[in-house]
Amino acid sequence: MAIFGNAQAFGEQLHVGRPNIGDREHLLARINDILDRNWLTNDGPFVREFEKQIAEFTGARHCVAMCNGTVALEIAIRALELAGEVIVPSFTFIATAHALQWQEITPVFCDVHPRTHTIDPQQVERMITPRTTGIIGVHTWGRPCDIGALEAIARRRNLRLLFDAAHAFGCTYNGKQIGGFGQCEVFSFHATKFFNTFEGGAILTNDDALAEKTRLMRNFGFHGYDNVIYIGTNGKMTEVCAAMGLTSLESLDKFIETNQRNHRAYGRGLDGIPGVRLMQYEEVERSNYQYIVLEVDEEKAGLTRDELVAVLHAENVLARRYFFPGCHRMEPYRSYFPHASLVLPETEKLCRRVMLLPNGSSVDEEAVKTISGILRAAVGGAEAVKVRLRGVA
């Protein structure tokens, strides 16, 4: 292992989420089309075609493309007129909480289920107060929330329900594509997602009025050439991003097949390593298999999650701690809610245990085999690894 002075396993850094590109020639042809038309943004033909294809793929009535997933989430929150308090998991990317706080809405952090890593409906019930106006569920790792239970709570308590589906493009719940649940669902098409538009996002909804409202809001509230009828911002997707999205759609099945192949290879490579558990996807549902998620049990492995991450980093494998340390331990929330950890025991455990490994088209089965071998060797020599890392520190 490199921590003992040996050569690194990889000459170049291997990232958790290196961008998938798709057919380069098709992309360049679309970009040349954009330049020939001289129509770079403002609801161009590629954006409209992209929205049409995403709506058809998901089965949602409307897709409203946006410049990124965070702005899409902010606009969805504003369009739904959320206020006061909104219940969200702390075990999520910080943008979920920030999209609320940015608009002076209080994110109320709710614990997750230890098996699914998604928001726990039983805990949601306990977090509702007279100030609660909505729930944001997050389809963590592309594994859907318990949508049925959350919809039942929202109906019974007269709350709005939306989903942060940043991880979940191409995934299903009860056989139906993610995109049409709740009042709306929000996708991210950031470059690190297996399906990307360089930078982008979208709001998916079956609500005609909500779709129209979010279209107004993403374009400064313009209705027609010079008629502003609503408050808005600039959330528009550009033509070049839509061109990348259309190109990525052509390779979607290939991307998913690669992810699934790697996930299976990791399953074989990691099998039997004490204290290292690979998260599995539900075989009865469609998944995008983007995330290779490990939970590390320190007692059984003899090493902490962070120590294993350090071992991999030394080999140029840039494994990541997700979603460390939890939104509730980041600013401004740790100052606002200093005792939040007391009601988030499962989130606290996951933030200490979870790590992600590289996946995607830049990772082949040989790389998976090497990474798995490094982890096996580290756990097998845990005592020596601990001593060495202590000396390096």
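The values are calculated or read from the model by the stated rules, or taken from the named source; none is laboratory data. All figures in this text were calculated on a predicted structure; none of them were measured in a lab. Cβ coordinates were reconstructed from backbone atoms using ideal geometry, including for glycine residues, and neighbour counts include every protein chain displayed. Side chains are part of the model used for accessible areas, which takes the heavy atoms of the whole protein and leaves out ligands, DNA and RNA. Shrake-Rupley method; radii C 1.70, N 1.55, O 1.52, S 1.80 Å.
Of the helices (runs of 4 or more DSSP H) lying entirely inside the range 199-281, the ones with 1 or more residues being in contact with a strand residue (DSSP E or B) (Cβ under 6 Å, 6 or more places away or on another chain), touching a residue at least 24 places away in the same chain (Cβ under 8 Å) and surrounded by 20 or more Cβ atoms within 10 Å (Cβ to Cβ) are found at 208-218, 252-270. Determine whether the range 118-129 contains at least one residue that is within 17 Å of the chain's Cα centre (by Cα) and at pLDDT 95 or above. Checked the range 118-129: at least one residue is within 17 Å of the chain's Cα centre (by Cα) and at pLDDT 95 or above. Which one of these is among the basic types (Lys, Arg) and surrounded by fewer than 21 Cβ atoms within 10 Å (Cβ to Cβ): ARG115, ARG143? Residue meeting the stated conditions: ARG115. Contact map, the range 155-168: first residue without any contact (Cβ under 8 Å) to a residue 40 or more places away in the chain and basic (Lys, Arg), second residue in a loop (DSSP other than H, G, I, E, B) and open to solvent by 10 Å² or more (accessible area, probe 1.4 Å), Cβ cut-off under 9 Å, separation 6 or more or different chains; pairs are ARG157/ILE128.
Listed conditions (1) surrounded by 18 or more Cβ atoms within 10 Å (Cβ to Cβ); (2) of a type outside the set (S, T, N, Q); (3) in a helix (DSSP H, G or I); (4) over 21 Å from the mean Cα position of the chain (by Cα) are all met by LYS386, apart from (1). ALA65: open to solvent by less than 70 Å² (accessible area, probe 1.4 Å), assigned to a strand (DSSP E or B) and either among the small types (Gly, Ala, Ser) or in contact with a Phe, Trp or Tyr (Cβ under 6 Å, 6 or more places away or on another chain) (or both), yes or no? Considered against the rule, which asks whether it is open to solvent by less than 70 Å² (accessible area, probe 1.4 Å), assigned to a strand (DSSP E or B) and either among the small types (Gly, Ala, Ser) or in contact with a Phe, Trp or Tyr (Cβ under 6 Å, 6 or more places away or on another chain) (or both), ALA65 comes out as yes. Is the range 316-329 home to any residue that is under 30 Å from ARG261 (Cβ atoms), in contact with a Gly (Cβ under 9 Å, 6 or more places away or on another chain) and either at pLDDT below 95 or not in a strand (DSSP E or B) (or both)? Yes, the conditions are met somewhere in the range 316-329. Scoring SER362 on the criteria (1) at pLDDT 95 or above; (2) out of contact with any Phe, Trp or Tyr (no Cβ under 9 Å at 6 or more places or on another chain); (3) under 16 Å from ALA9 (Cα atoms); (4) surrounded by fewer than 17 Cβ atoms within 10 Å (Cβ to Cβ) leaves a single failure, condition (1).
Residues in the range 149-168 that are closer than 25 Å to TYR281 by Cβ, in a loop (DSSP other than H, G, I, E, B) and open to solvent by 10 Å² or more (accessible area, probe 1.4 Å): ALA166, HIS167.
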